[in-house]
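Right, one structure below, let's go through it.
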Amino acid sequence: MTLTLRTLTADELAPFQRVVNSAFLLDSAEDRLERWRGLFEPERHRGVFDGDELIGGGGIQTRDITLPGAGPHPVAAVTGVAVLPGHRRRGVLTRVMRAQLHGLHEEGREAIAALWASEAAIYPRFGYGLAAEFTRLEIPRGARFHPGASVGEDRVREVPREEAMPFARAVYEDVRPGRTGWLSRTDAAWDHQFADAEHDRDGLTAYRFALHPEGYAVYRVKPDWQERGPRNELHLREIAARTDEAYAALYRYLLDLDMVGELKSYTAADDPVVHLLEDSRLALRGRSDSLWVRVVDVDRALAQRRYGSDVDVVLEVADGFCPWNAGRWRFAVKDGVATVQRVDDAPDVVLDVQALGAAYLGGTKLTTLARAQRVSEVTEGALKALSHAFSGDREPHCPEVF
Ligand SMILES: CC(C)(COP(=O)(O)OP(=O)(O)OC[C@H]1O[C@@H](n2cnc3c(N)ncnc32)[C@H](O)[C@@H]1OP(=O)(O)O)[C@@H](O)C(=O)NCCC(=O)NCCS
């Protein structure tokens with residue numbers, strides 16, 4: 001039977017979710033299907049069919065992502081990539097990826113795509129680069145802040161979910177434009193992110209909401225009573241604040257909760273809490289990849305973010321999967337704004353589109369990629385200047401898996 005690929009229809013959410021559940025080894029759950037309904041954009045989902053049977057596919061959520069120095073810009077947030085176990089390694093994913101990326105280019109829609117990868121080996125072949133990382137953090141209760149740290153006078157209060165969510169959304173919206181990697185969230189995205197069905201909690205409590213006048217923290221607790229007393233784990237799901245003082249106050253509150261042994265979270269790679277601590281080594285840290293970014297159109301993508309310093313170089317870009325990007329581009333930054341033009345001039349720096357995606361959010365350094373033999377410098381000094389221009393003053397961070 002030959003495989004066919006087409007756009008899904010609105011009534012194909014259930015079969016699509018069956019494929020995703022099967023691929024991700026999940027039980028089916030009615031509430032998850034309902035939550036997905038609000039996120040499902042059928043015209044942006046592609047399915048691959050064996051006869052009438054949907055056997056794989058992948059979709060796009062229409063979102064904005066905050067870019068370095070440039071605020072929110074459209075991103076194709078790739079999601080629900082799945083192929084039924086019995087149909088793997090026959091090129092189904094490759095067809096979906098090609099349809100997505102070629103479609104974005106042809107329609108002139110989002111200039112970049114981004115995703116979280118279940119396995120890091122899957123997406124580089126399609127031109128995705130490792131653009132952002134998260135830190136897995138563990139801090140023991142009571143860990144003190146350095147003597148100069150101020151938490152202000154405002155109290156942190158625990159409030160019910162209904163009261164907390166509108167406030168959290170307002171804070172998130174205020175903070176988001178300045179946080180590289182943060183995504184716009186529709187009502188459905190908020191509902192999905194903070195859905196609280198018991199079967200999705202892995203034995204933890206429901207979400208709790210701690211509010212400060214300028215910020216919020218959302219967490220769960222994993223019960224743990226040991227012979228020496230309570231050692232509950234506080235699992236911090238999201239924290240955001242309009243001011244550094246509020247941010248410190250929220251962490252102080254969480255770290256002082258009685259009955260807790262340890263605070264655990266997946267947070268920004270440069271979460272300042274490590275430096276708030278008097279003894280930074282109390283914060284155990286481990287890093288791993290979060291966002292993978294794919295530059296769909298080199299010229300449009302590079303022109304839409306801002307840069308930290310001026311530079312004028314010719315890039316030679318290799319891109320086997322999206323050939324319209326391949327070739328030489330003059331990349332010139334003046335006062336943070338880039339112009340990008342196709343040229344025939346000799347290159348100063350040679351790189352794959354994957355490296356461009358990795359560097360795009362200002363997290364992964366081009367100089368690091370050069371040391372990993374993924375970027376080469378032709379003109380002395382060009383790489384350092386380019387890498388400096390791309391680097392952001394904060395690590396990119398994506399606080400949600402989509
Ligand atoms: C990952 C997945 C979508 C791949 O689908 P697929 O149709 O088998 O992929 P393809 O046949 O198009 O594979 C294309 C290439 O990627 C490679 N590849 C695919 N999945 C891979 C993986 N998990 N690890 C390493 N390489 C992988 C294939 O070997 C193939 O390489 P080749 O061209 O050198 O032969 C599928 O295995 C799956 O559904 N996995 C479980 C769910 C999941 O992880 N989804 C991704 C969510 S981010």
(message) Counting just the Cα atoms, what span does region 297-390 cover along each of its three principal axes? Round to the nearest Å and put the largest first.
(response) 31, 27, 24
(request) Consider all pairwise Cα distances in the chain and report the whole-number % of them above 37 Å. (result) 29
(request) Using Cα positions and a limit of under 19 Å, work out the lysines in reach of K365, with same-chain residues fewer than 8 apart set aside. (result) K384
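I need the shape label for region 167-272. Rule: rounded when a/c is under 1.5, else prolate if a/b > b/c, else oblate, with a, b, c from the alpha carbon gyration tensor. Before the final figure, lay out each step's value.
Details: a/c = 2.25, a/b = 1.41, b/c = 1.59.
Because a/c hits 1.5 or more and a/b fails to exceed b/c, region 167-272 counts as oblate.
Please list the equivalent ellipsoid semi-axes of region 56-187, computed as the square roots of five times the alpha-carbon gyration tensor eigenvalues, in descending order and whole angstrom. Numbers along the way, then the final one.
Values: eigenvalues 274, 74, 51 Å².
Whole-Å semi-axes of the equivalent ellipsoid: 37, 19, 16.
Ranked from highest to lowest mean number of other Cβ atoms within 10 Å per residue, what is the order of the peptides 48-55, 4-11? Walk me through the numbers on the way to the answer.
Details: 48-55: 15.8, 4-11: 13.0.
Per-residue Cβ counts within 10 Å, averaged per peptide and sorted highest first, yield 48-55, 4-11.
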(message) Can you tell me which lysines have their Cα less than 22 Å from the Cα of K264? Leave out same-chain residues fewer than eight positions away.
(response) K222
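Highest mean first, how do 114-124, 210-220 rank when packing is the count of other Cβ atoms within 10 Å averaged over residues? Could the numbers behind the result be given before it?
Working: 114-124: 16.2, 210-220: 22.2.
Put in order of decreasing packing, that is 210-220, 114-124.
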(message) Quick check for me: using +1 on Lys/Arg Cβ and -1 on Asp/Glu Cβ, what's the dipole size of the chain about its Cα centre, in debye to the nearest 20?
(response) 700
(request) May I ask for the distance between the Cα centers of region 129-158 and region 267-284, given as a whole number of Å? (result) 7
(message) Run the helix sum for the chain: -39,500 (n - 2.57) per DSSP H stretch of 4+ residues, divided by residue count, reported at 222 nm to the nearest 500 deg cm²/dmol.
(response) -7500 deg cm²/dmol
(message) Taking a virtual spin label 7 Å from the Cα of T243 along the C-beta vector, which residues in region 258-290 bring their backbone nitrogen under 20 Å of it?
(response) 272-273, 276-277
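Bear in mind these aren't lab numbers, they're just calculated from the coordinates by the rules spelled out. Everything quoted here is computed from the prediction, not taken from an experiment. Every residue, glycine as well, gets a Cβ built from its backbone with ideal geometry; the counts of neighbours run over all protein chains shown.
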